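Where a number appears in this text, it was derived from the coordinates with a stated rule and is not lab data. Just so it is clear, the structure is predicted and the values come from calculations on it, not from any experiment. Positions of Cβ are generated from backbone atoms using ideal geometry, with glycine treated the same way; all protein chains shown enter the neighbour counts.
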Amino acid sequence: MAFNIGNFLDTMQGDGVRPNLFDVFVPSVGGNFTFKAKATSIPSSSIGVASTFYYGRQAKFAGNRTFDNWSVTVLLDELDYNSGGVRGSFEAWSSLINAHRQNIRLSGNSLGSYARNCTVIQKGKAGPNIGTYTMVGAFPIDISAISLDWGANDTIAEFTVTFSYQWWESLAVKN
């Protein structure tokens, strides 16, 4: 089959999905807060392989599904360090899971006391949502460092929050 750019263009419905059109919603334990998400991803999931040997030959069977951690990169405003700001809110949420000084859980003993459902919505160029993914039972496991650098002119400070979660759900997958 010869290369034909026209065939390619004819099959590209809607001009292709743009990776820079998205919203992120993260409800914290202390209440909802808004922030400017610079980057995130729709996390992957993998099905493991359970294998065994039979007369020297490896037989493979489908195993269990696992879900990779999910990360969100956040842009900072100057007010984001206080308790109502995004950095302060993530730090307070993390402290409820395990306090810095006491090494105890401050929010209760059940997963429901600190885990929340977080959502990534990918948007089409005309505005409607084209994909929605919800990370079920998510909680922050890492709040990254904020780099400070006298030579970093004309940039906005940012940090990354990594979440663990139970599974993700999408509009395409109902079970």
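Remarks
- Over region 1-160, the reciprocal of the mean inverse Cα-Cα separation, the Kirkwood hydrodynamic radius, stands at 19.5 Å.
- Helical runs (DSSP H, four residues minimum) scored at -39500 (n - 2.57) apiece and divided by the length of the chain put the mean residue ellipticity at 222 nm at -3000 deg cm²/dmol.
- Here is the list for region 1-84: chymotrypsin sites (Phe, Trp or Tyr not before Pro) lying in DSSP coil, each with at most 12 other C-beta atoms within 10 angstrom of its C-beta, are PHE3, TYR55.
- Once the chain from PHE67 to SER46 is taken as fully extended at 0.36 nm per residue, the excess over their C-alpha distance is 6.9 nm.
- The loop-placed trypsin sites (Lys or Arg not before Pro) in region 1-104, going by DSSP, that have at most 13 neighbouring Cβ atoms within 10 Å of their Cβ come out as ARG101.
- For the listed peptides 71-78, 131-138, a ranking on the average number of other beta carbons within 10 Å per residue, highest first, reads 131-138, 71-78.
- Length-normalised contact order of region 1-133 in % [C-alpha pairs under 8 Å, at least 6 apart]: 28 percent
- Each Lys or Arg adds one and each Asp or Glu takes one away; over the other residues whose Cβ falls under 15 Å from the Cβ of ARG87, this sums to -4.
- What the Cβ-Cβ distance of ALA126 and PHE53 gives, at R0 = 45 Å and to the nearest 0.05, is a FRET efficiency of 0.25.
- Based on every Cα atom in region 88-159, Rg and the maximum pairwise Cα distance Dmax equal 17.2, 50 Å.
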